[in-house]
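Visitor: Got a structure for you, questions after.
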Amino acid sequence: MTLQPLRKDFLPFAKPDIDETDIEEVIEALKSGWLSKGPKVFQFEKELSEFLGVKHTVSCNSGTAALHLALLAAGIGPKDEVIVPSFTFCASVNVILHVGAKPVFVDIDEDTLCLDVKEVAKKITKNTKAIMAVHFAGRAADLTSLRQICDENNLLLIEDAAHAIGTEYQGKLIGNHGDIVCFSFYATKNMTTGEGGALVTNHDEIAEKARLYGWLGISKSAWNRYSQSGSWFYEVKLPGYKYNMTDIQAGLGIVQLRKLEKMRKKRASIANYYLDRLKELDDLVILPKKTESDIDKHSWHLFPIQITSKWKIGRDDFIEMMKKMNIGTSVHFIPVHLHPYYKEKYPINLPVTEKVYSRILSLPIYSAMTMADAEDVVNTIIYLSKHYQ
Ligand SMILES: *Cc1c(COP(=O)(O)O)cnc(C)c1O
């Protein structure tokens, strides 16, 4: 059959929210003559710490770098095990291998799509050093239970908060719960620096180590070295990485951070619209579940839906049909344990993760889209449901 798109132009799955203030700030950075790590990086770190209410922010050139630094600063290495969901971006797991440790995959809870805490408890061994929780789609994982498990077993709670800048859990912004929390400012995330990330912590020693590892192991920054008050001398304390953010990125970050809550509210209104309109497709589409944690603020980084077996077509075909109807969608995530490398090295069955993966997709949700765009998304799904159920 021929599908009749309800809109003429293609609605992309994601798009950054960039306006004149973002552009001006980047131009200012370019004109300042300081392109690498300089005053804007320090300002961004200070403003992010204040916004979150945490003691230390170490900015990085990606969220992946922040996660790598978290494990390095925590002293995690060979023979250590880190508990992690497979239902995440590969970065969360790759970094565990970068430090020579072993990823221990744990299944997710079907309602929250975050770590199933009952399963976590079963996977702890004498080699377990940390739990890496992922706040899938921007919904906070069960941090109360995870904190308790960590305290009882002397583990570190590390959070991959790539989706969760602006998310609140029990009245406090994400950043205030785990020992080390990592954010991503990749182009599609809730706020962006193009590429970028940050590690935040209240532990002085962890912050100091993360800084050292992220700046080649040099105990001083170039900003110190090249300013009038600086000197040429520096010392390498350990073989670190070059993971620093630049002033161009930080300039963008400063402006994006100021708009973050406004952008989150826009995402939330789109999410509420989707929840409201799509509930009529009750047995066709599984929507994000309301749970106790919904009294908290949700960043709505993603709006995942699951296609039930009532459809005549599967998820992959559904995505193709949406594309033909001019609506971009995506899949979060291809479970890490199903990627060729991990399948061979760390074979495991994760029934909930695999079931959810087979039917999940993410709808467009971002502050640069309009409510009319959201209406097109819903009407398109309803249109397809009439043809394919
Ligand atoms: C985006 C993302 C990352 C990695 O962030 P980058 O800034 O792209 O390196 C890590 N974990 C999750 C869950 C992500 O979505």
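The values are calculated or read from the model by the stated rules, or taken from the named source; none is laboratory data. Note that this is a predicted model, so its numbers are computed, not measured. Neighbour counts are summed over all protein chains in view; Cβ atoms, including those assigned to glycine, are modelled from backbone coordinates with ideal geometry. Protein only, heavy atoms only, side chains kept; ligands, DNA and RNA dropped before computing areas. Shrake-Rupley method; radii C 1.70, N 1.55, O 1.52, S 1.80 Å.
Visitor: To the nearest 500 deg cm²/dmol, what mean residue ellipticity at 222 nm is calculated for the chain from DSSP H runs of n ≥ 4 alone, each contributing -39,500 (n - 2.57), summed and divided by the residues?
Guide: On the way: 13 runs with 155 residues, N = 389.
The helix contribution divided over the chain gives -12500 deg cm²/dmol.
Visitor: Are there any trypsin sites (Lys or Arg not before Pro) in the range 43-95 that are in a DSSP loop and have at most 11 other Cβ atoms within 10 Å? List them by number.
Guide: LYS79
Visitor: Now a separate question. Once the Cα atoms of the range 63-191 are picked out, what are the Rg and Dmax in Å?
Guide: 13.2, 39
Visitor: Cβ under 12 Å from SER299's Cβ, SER299 left aside: what net charge do those residues give with Lys, Arg +1 and Asp, Glu -1?
Guide: Details: positive: ARG139, LYS189, ARG264, LYS265, LYS266, ARG267, LYS297; negative: GLU168, GLU261, ASP296.
Surrounding charge for SER299 is +4.
Visitor: All other residues with a Cβ under 10 Å from the Cβ of HIS135 taken together, and with Lys, Arg as +1 and Asp, Glu as -1, what is their net charge?
Guide: -1
Visitor: Sticking with this one: Can you tell me, using C-alpha contacts under 8 Å and at least 6 residues apart, the relative contact order of the chain as a whole percent?
Guide: With pairs under 8 Å counted, the relative contact order is 24 percent.
Visitor: Accessible area per residue, 1.4 Å probe, Å², for the chain: what's the number?
Guide: 44 Å²
Visitor: A further question on this structure: Cross-chain or 8 or more residues apart, Cα under 17 Å: how many lysine pairs in the range 47-148 fit that? Count them up, please.
Guide: Counting lysine pairs in the range 47-148 gives 8.
Visitor: Further, regarding this structure: Ordered by packing density, taken as the mean number of other Cβ atoms within 10 Å over each peptide's residues, highest first, how do 138-149, 310-321 rank?
Guide: For the peptides 138-149, 310-321, the packing ranking is 138-149, 310-321.
Visitor: Further question: Assuming 0.36 nm per residue, please report the length gained on full extension of the stretch VAL352 to ILE27 beyond their Cα-Cα distance.
Guide: Answer, rounded to one decimal: 112.3 nm.
Visitor: Shifting gears a bit: Return the FRET efficiency for the residue pair ALA368, ASP316: r is the Cβ-Cβ distance, R0 is 22 Å, and the value is rounded to the nearest 0.05. Before the final figure, lay out the partial values.
Guide: Numbers: r = 27 Å, r/R0 = 1.24.
For ALA368 and ASP316, the calculated efficiency is 0.20.
Visitor: Here's something else I'd like to know. Quick check: pseudo-label points 7 Å beyond the Cα along Cα→Cβ at LYS289 and ASN326, how many nm apart are they?
Guide: 3.7 nm
Visitor: Now for a separate question. Residue-wise, which Karplus ³J(HN,Hα) couplings in Hz belong to the range 301-306, taking 6.51 cos²θ - 1.76 cosθ + 1.60, θ = phi - 60°, and x for glycine or proline?
Guide: The phi angles translate into 5, 10, 10, x, 10, 10 Hz.
Visitor: Say a paramagnetic label sat at a point 7 Å from the Cα of LYS172, along Cα to Cβ; which residues of the range 186-217 have their backbone N under 13 Å from it?
Guide: 201-203
Visitor: Leaving out ligands, DNA and RNA but keeping every protein chain, what accessible area does TYR186 have, in Å² rounded to the nearest 10, with a 1.4 Å probe?
Guide: 100 Å²
Visitor: Another question about this same structure. If you take the beta carbon distance between LEU275 and CYS90 as r and set R0 to 25 Å, what does 1/(1 + (r/R0)^6) give as a FRET efficiency, to the nearest 0.05?
Guide: On the way: r = 29 Å, r/R0 = 1.18.
FRET efficiency, LEU275 to CYS90: 0.25.
Visitor: How much FRET efficiency would the formula 1/(1 + (r/R0)^6) give for ASP282 and LEU338, where r is the Cβ-Cβ distance and R0 is 25 Å, rounded to 0.05?
Guide: On the way: r = 29 Å, r/R0 = 1.18.
FRET efficiency, ASP282 to LEU338: 0.25.
Visitor: Also: Whole-Hz ³J(HN,Hα) for each residue in the range 371-382, computed from phi via Karplus 6.51 cos²θ - 1.76 cosθ + 1.60 with θ = phi - 60°, x for glycine and proline: what do you get?
Guide: Each residue of the range 371-382 in turn: 5, 5, 4, 4, 4, 4, 4, 5, 4, 5, 5, 5 Hz.
Visitor: Let me ask something else about it. Of the accessible area of the chain, with the probe set at 1.4 angstrom, what percent is carbon plus sulfur? Could the numbers behind the result be given before it?
Guide: On the way: 9080 of 17080 Å².
After summing per-atom areas, the C and S share lands at 53 percent.
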